[in-house]
Amino acid sequence: MNNYQYKYNVGRELELPPTLTLKGSISMTIYLYVKTHNKTGVKYLGKTSNKDYQKYTGSGKRWLSHLDTHGYDFSTEILRECKDHDELSHWGRYYSKLWNIVEDPQWANLIPETGGGYGKKHTNKTKKKISDLQKRQYESGQRVPWNKGKTGIYSDEANKKRSDSLKDSYKKSPRKPPTIETKKKISNSREGKGLGPKSLETRIKIGLGNKGKKRPNNGQSIKGTKWFNNGEINYRGKVCPEGFQPGRLA
């Protein structure tokens, strides 16, 4: 009988252990908590069935990123001990609305705590809503980076740990030089953005705009280059462009 001993007396009700329901299915206490980072003051509303909820870090993406950046120094306050998901959902929605945890920059929640989310992924529509909300908050000044204007936040020991961690990651997964295919993709992505090699038409326009101006060489090598012109402007390069002829206009 599930390795539990039942107490049963004639004329009395069956006394079940607190971890069993009458249907014989195992239930558990779900803790609704608020975690507060002790250094930054950022809060996170979450849930867990882990009995060691003080050490449980939480599972929110922004919250975990905050801990990775600022250290795992937080305190935990239990708001409710819920017996099922319906109760958890009720109180989770209540506190989410009460404290406005999604829009308030002091909270690390991306969505309200509704008691769900096990294995759930945001849709593209939800991701866009979250992104637009955060952009508006930063633009309006409602959400400000917690470390803006602050110095000396991290100790020398914390900086050394971070540095050693990065060095170890590079040793385990050394960066490889980009392949020809990757270089081509990067080049194509830069077209029309003012990045990478400029087209001949663009260079001609720049040449017309700089006509008569004395410009420094900027450290660029002119070895192996020659002067060409199209009757209007001069062009210096290694290959004569179409419509140009060797020589330089006076």
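Calculated on the alpha-carbon coordinates, the convex hull of segment 30-117 measures out at 79 cubic angstrom per residue. Segment Ser187..Tyr95, full-extension length gain: 28.1 nm, with 0.36 nm per residue of separation and the alpha-carbon distance subtracted.
Grab the beta carbon distance between Ser163 and Asp68, set R0 = 22 Å, and tell me the FRET efficiency rounded to 0.05. Don't skip to the end; give the middle numbers.
Values: r = 15 Å, r/R0 = 0.68.
Efficiency, from the Cβ-Cβ distance: 0.90.
For segment 30-117, a crude dipole built from +1 on the beta carbon of Lys and Arg and -1 on the beta carbon of Asp and Glu, taken about the Cα centre, is about 100 debye to the nearest 20. Extension gain for Thr114 to Glu232 (0.36 nm times residue separation, less C-alpha to C-alpha distance): 35.5 nm.
Label-to-label distance, Thr57 versus Gln142, with points set 7 angstrom from Cα along the beta-carbon direction: 3.0 nm. Per-peptide packing, taken as the mean over residues of other Cβ atoms within 10 Å, places 182-188, 225-231 in the sequence 225-231, 182-188 from highest down.
Restricting to bridges with both residues inside segment 30-117, how much of the DSSP beta-bridge set is antiparallel, in percent to the nearest 5? The partial results should precede the final answer.
On the way: 14 of 15 bridges.
Around 95 percent antiparallel, to the nearest 5.
In this structure, the amide hydrogen of Leu79, modeled 1.01 Å from its nitrogen in the peptide plane, lies closer than 5 angstrom to those of Leu32, Tyr33, Val34, counting only residues at least 5 positions away or on a different chain.
No value in this document is a laboratory result; all are computed from the given coordinates. Predicted model, so just to flag it, every value in this text is computed and none were measured. Note: ideal-geometry Cβ built from the backbone for every residue, glycine included; neighbour counts use all protein chains shown.
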